[in-house]
1. How much length is gained on full extension from E67 to H127, taking 0.36 nm per residue of separation minus their Cα-Cα distance?
2. Projected onto the charge dipole of the range 39-128 (+1 at Lys/Arg Cβ, -1 at Asp/Glu Cβ, origin at the Cα centre), which of Q95, Q39, M110 gives the Cα projection farthest towards the positive end?
3. Report the FRET efficiency, 1/(1 + (r/R0)^6), for K35 and D84, where r is their Cβ-Cβ distance and R0 is 25 Å, rounded to 0.05.
4. Past the 14 angstrom mark, what percentage of all C-alpha to C-alpha distances in the range 33-120 do you count?
5. Net charge near K41, counting Lys/Arg +1 and Asp/Glu -1 over other residues with Cβ under 12 Å of its Cβ?
6. Using the Karplus curve 6.51 cos²θ - 1.76 cosθ + 1.60 with θ = phi - 60°, work out ³J(HN,Hα) for each residue of the range 111-118 in order, rounded to whole Hz, and write x for Gly and Pro.
7. Among 34-43, 112-121, how do they line up from the highest to the lowest mean number of other beta-carbon atoms within 10 Å?
Amino acid sequence: RKLPAKKKQTNLSLQKNAVAFPPPPTSTSASGGEKQVNQMKETMGLTKYKLLKKNTQQLAKEQITGEHFIDETLKLFSEGILDDLFWSYIPPLLQSIPSNHGREQALSYMESLRFAQVLQQREYSQHA
């Protein structure tokens, strides 16, 4: 079934916005998004930033699963799940992707990993 032209155009613009990276700035300042990009490039390095961008675009297009996205993204941060930058950058990045199964899967998987980490830390502190 074909979409009406107006609906088709809306879907195309949503898809284009879904693969924009990083997400559009939430403030009214256009320089906010540019600042975020520069900060990510500076802290992650250009190579890791480009990998994150590629993975984000693939997730938005549902070419990879949310779990794969998180597993690959964790490799880009030196402390993995414990890295504050991961928690600073990735949840807002995922929230900026239009809702799809991959995004929801990534958010859920990320919370599962966080919960497992908390349990592991509690167990370790009880035996120390």
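1. Details: separation 60, 0.36 × 60 = 21.60 nm, distance 3.09 nm.
Using 0.36 nm per residue and subtracting the Cα-Cα distance, I get 18.5 nm.
2. Positive-end residue among those listed: Q39.
3. Working: r = 18 Å, r/R0 = 0.74.
Approximately 0.85, to the nearest 0.05.
4. On the way: 2395 of 3828 pairs.
Percentage above 14 Å: 63.
5. Net charge around K41: +2.
6. 5, 4, 5, 5, 4, 4, 5, 4
7. Details: 34-43: 14.2, 112-121: 11.6.
By packing density, highest mean first, the sequence is 34-43, 112-121.
Taken together, the values in this text are just the output of simple stated rules run on the coordinates, not laboratory data. Computed from a predicted structure; not experimentally measured. Glycine also receives a Cβ, built like all others from the backbone with ideal geometry; neighbour counts cover every protein chain displayed.
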